[in-house]
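The values are calculated or read from the model by the stated rules, or taken from the named source; none is laboratory data. Predicted, not measured: the structure shown is a model, and the values here were computed from it. We place every Cβ from the backbone using ideal geometry, glycine too, and count neighbours over all the protein chains shown. To get the accessible areas, we keep the full protein, side chains included, count just its heavy atoms, and leave off ligands, DNA and RNA. Shrake-Rupley method; radii C 1.70, N 1.55, O 1.52, S 1.80 Å.
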Amino acid sequence: MSMPRNVAAETLDGLAEDDPAAMRSRRDLQRIHRLMGTRAIMTRSLQRLLASRPSAAPLRLLELGAGDGSLMLGVAGALGARCPAVEITLLDRQDLVSRSTLDDYARLGWTASAHVVDVFDWASPQSPAVREPSARWDVIVANLFLHHFEGPELATLLAAIESRARRFLACEPRRAGLALAGSYLVGVIGANAVTRQDAVLSVHAGFRDQELSALWPGDRSFWTVSESSAGLFSHCFLAERSGLGGAEALP
């Protein structure tokens, strides 16, 4: 089916952290992730990205739009001993990561820190973070995040990611008929009005085919990219530096 991409503001993004409707919607999203198999999709994709990397090497990872950090916590548990010595930065514009979640990462052997900052402050070349060594990551991940942006905003974000990461993984809504039908049915699992509305908007703003590959700013001499559907409702994009644009290209 033909579905032009349409980005509209989602209700959850405009609610305060402690708004009861927002808190309920975030719990809805955890259940939706379980139904979509997002943890398994992210785990498999990360394993694919890291296949050529020494398994025991320390790994610096950044999640953009990390929310409460629970999704990547599930991925950390699924990866287990296959991915030790991980330092993960959870970046979000709202302060949603609890102390107990950080402790849960620690119990898995991951060192986690939460940073409350707007992603475009992070993306700015004038950002103080850019001048820090930790401004370069082995992997940057984004889950259900890129679809919030279009045009210059999306271009700015992708350019910042490309300049600061050796690898990038994005898992987004798939803009397709089956996913749209599923978005209208989230009320069946008890999702509240915020989640029901935002689920439909997310699919309309999602991606398909090779749309993210076409937007990726990295020189194809230096980057290997792939993009495909994942599961019933998701769409994944992977990018990895290669050749002269490999590990030596970043400090």
For segment 30-164, the percent of accessible surface on carbon and sulfur atoms (probe 1.4 angstrom, ligands and nucleic acids excluded) is 53 percent
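Solvent-accessible area per residue for the chain at a 1.4 Å probe radius, Å²? Could the numbers behind the result be given before it?
Details: 11570 Å² over 251 residues.
Solvent-accessible surface per residue comes out at 46 Å².
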Once Asp118, Asp95 are ranked on solvent-accessible area with the largest value leading and a 1.4 Å probe, the list reads Asp95, Asp118
In nm, the gap between the two label points placed 7 Å beyond Cα toward Cβ at Ser221 and Arg24 is 5.6 nm
Candidate cut points under trypsin sites (Lys or Arg not before Pro) in segment 182-221, DSSP loop plus at most 13 other Cβ atoms within 10 Å of their own Cβ, are Arg220
Between His235 and residues 5 or more places away or on another chain, the pairs with built amide H atoms under 5 Å apart involve Glu172, Arg174, Ala230
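Between Gln210 and Arg107, what is 0.36 nm times their sequence separation minus the Cα-Cα distance? Round to one decimal in nm. Please report the intermediate quantities before stating the final value.
Values: separation 103, 0.36 × 103 = 37.08 nm, distance 3.85 nm.
Full extension of this stretch gives 33.2 nm more.
Sorted by accessible area (1.4 Å probe), largest first, how do Val186, Val117 line up? Numbers along the way, then the final one.
Details: Val186 20, Val117 45 Å².
The most accessible residue leads, giving Val117, Val186.
Count neighbours as other Cβ atoms within 10 Å of each site's Cβ, and list the chymotrypsin sites (Phe, Trp or Tyr not before Pro) in segment 96-205 that are DSSP loop with at most 15 such neighbours. Numbers along the way, then the final one.
Numbers: sites: Tyr105, Trp110, Phe120, Trp122, Trp137, Phe145, Phe149, Phe168, Tyr184; in loops: Phe145, Phe149, Tyr184.
Of the chymotrypsin sites (Phe, Trp or Tyr not before Pro), the ones in loops of segment 96-205 whose Cβ has at most 15 other Cβ atoms within 10 Å are Tyr184.
Could you give the length gained on full extension between Arg5 and Ile189, defined as 0.36 nm per residue of separation minus the Cα-Cα distance, in nm? Walk me through the intermediate numbers first.
On the way: separation 184, 0.36 × 184 = 66.24 nm, distance 2.65 nm.
Gain on extension, Arg5 to Ile189, equals 63.6 nm.
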